1. Any residue at all in region 290-303 that is part of a helix (DSSP H, G or I) and either touching an Asp or Glu at 6+ places or on another chain (Cβ under 7 Å) or in contact (Cβ under 8 Å) with a residue 12 or more places away in the chain (or both)?
2. Go through (1) touching a Phe, Trp or Tyr at 6+ places or on another chain (Cβ under 9 Å); (2) surrounded by 22 or more Cβ atoms within 10 Å (Cβ to Cβ); (3) in a helix (DSSP H, G or I) and name the single condition I34 misses.
3. Just one of (1) within 43 Å of the chain's Cα centre (by Cα); (2) surrounded by 15 or more Cβ atoms within 10 Å (Cβ to Cβ); (3) modelled with pLDDT under 75 trips up T344, so point out which.
4. Between V236, V249, V212, which is closer than 29 Å to L83 by Cβ, β-branched (V, I, T) and touching a residue at least 60 places away in the same chain (Cβ under 8 Å)?
5. Among (1) surrounded by 14 or more Cβ atoms within 10 Å (Cβ to Cβ); (2) closer than 21 Å to Q374 by Cβ; (3) at pLDDT 85 or above, which single condition is K428 missing?
6. Show the residue pairs meeting these rules: Cβ distance below 6 Å; 6+ apart or different chains; first residue within region 429-454 and closer than 14 Å to K416 by Cα; second residue modelled with pLDDT under 85 and not in a helix (DSSP H, G or I).
7. Please go through region 196-215 and pick out each residue that is over 24 Å from the mean Cα position of the chain (by Cα) and β-branched (V, I, T).
Amino acid sequence: MKFFGKVGHFFKDIVDLSGHMDTAAAEQSIRSNIYFKGPNAWILAFSIIIASIGLNINSIPVIIGAMLISPLMGPIFGIGLSLGINDIKLFRDSGKNLLTMMGIALVASCLYFLITPLNLSNPTELLARTNPTIYDVLIALFGGCAGIFEQCRKEKGTVFSGVAIATALMPPMCTAGYGLANGNMSYFFGALYLFFINCVFIALATYLATKVLGFNVMKFSDSKTEKRTKWIIAVVMVIFIVPSIWSAVTLIKNNNFEDKAIGFVQQNKSLGNSIIYDYKISHEDGGRVELFITGEELSAVERNNLYELAKAAGLKQEQVVVNEHTNGQSKVEKELLQGIYARTDSEINRRDNEIKRLEAEIELIKKNEIPYSQVTREAINSWPEITELSIGDGAGVTADSLHVDKRIIVVAKTSKAMTSVEKEKFTKWLGIRLNSDNVEFIEDAPAVHQSKGTRKSHIGK
């Protein structure tokens, strides 16, 4: 019991925040950073353009570089703080500056995408910012938590709160600018939707932090003002939180449906004399997976079996749409297509396994590779009489049993003969240095060779 008490005390000491937080300084810092004027406006525009370039060329390092200089966190922290301490004026100022920030970001990114000569056929990083997932929500929530905790911390450390916030905010704004510049409203509204979700959850993280960390709540001059202010804050909280909760739940449901649908398709590619050659997932009407099937037409029994398999995977019958494309194929053609499909999967798996095996072999070779030059330098430094060192993998084979005894063979040319003590000492050193218990040392004494002056390393395998 005493042990568990010590462990509990240890972890309590680790997570204890008392003495580490300065909420008054954090509040002052947040209030001073909500405004987008002068340098802040220009820095935001520059960072947005850099992030837009990164998205345009699908370069994650460039996007991260833009996040390092982005001043995005101020207004959103201000909104969360204002809701937590009942400050309506701070809420209005933060909201106004958030709109200013959005305007600057949209103009900067839109101008860049209007003039850029680059036009990617598959802008994956841009596409990733138009379809919000639950991971985006988590990034925003925990990024906001990291940011507000850094704001409150007395000892400033290595957490760059701006990066945490910019991770969730900058790419969506750049993508919205791209959609505006190219007239792609799907990109524009999808990215703005993601931006809105991120703002809400960052502000929510800030609001919760103000309650947990004990920020000073504003006192009102009279009960009427207090009642009106609290009513306004409550309405704002509902407007912000309810849609965000609905959005998070929707995202979770969509992700779960996708996992079920993909798993179902992967497990049931072959359906008797037919195959599923493609599929499409949509989230309309609770989610649908559209199957594209080729081969023989499914019988009523086979179709029912397909629906039963879907049910077992967690999908309802009405969520599975079957599109058959038989095209009058012969049995031979269908069997050939099935065979190709099966062989393709088998070949991919075989190649993946082969790559893993080869990678493991390469790692083993690298691990066991002898550092020839380094060993030679160290040997010459400790034994100056050595003029040439030959190192190689070898083996000893007995004549009667043909037993193979693998060993490392080292041949050293010396300017003068080593004593037996020196030979033993050198052999032990080789075993340690080469990490081998089986090292055979052979000395090439001066009587055997003529050249004494040249020192070199000879590598033999």
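The values are calculated or read from the model by the stated rules, or taken from the named source; none is laboratory data. Fair warning: this is a prediction, and the values are worked out from it, not measured in the lab. As a convention, Cβ positions derive from the backbone with ideal geometry for all residues, glycine included, and neighbour counts pool all protein chains shown.
1. yes
2. (3) is the only condition that I34 fails.
3. Single failed check for T344: (2).
4. Answer to the selection: V236.
5. (1)
6. Final answer for the pair search is none.
7. T206, T210, V212
Okay, residues lined up against (1) loosely packed, with under 14 Cβ neighbours inside 10 Å; (2) at pLDDT 85 or above; (3) not aliphatic (A, V, I, L, M):
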| position | (1), (2), (3) |
| --- | --- |
| N349 | yes, no, yes |
| D352 | yes, no, yes |
| L364 | yes, no, no |
| K367 | yes, no, yes |
| D393 | yes, no, yes |
| G396 | yes, no, yes |
| A399 | yes, no, no |
| V411 | no, yes, no |
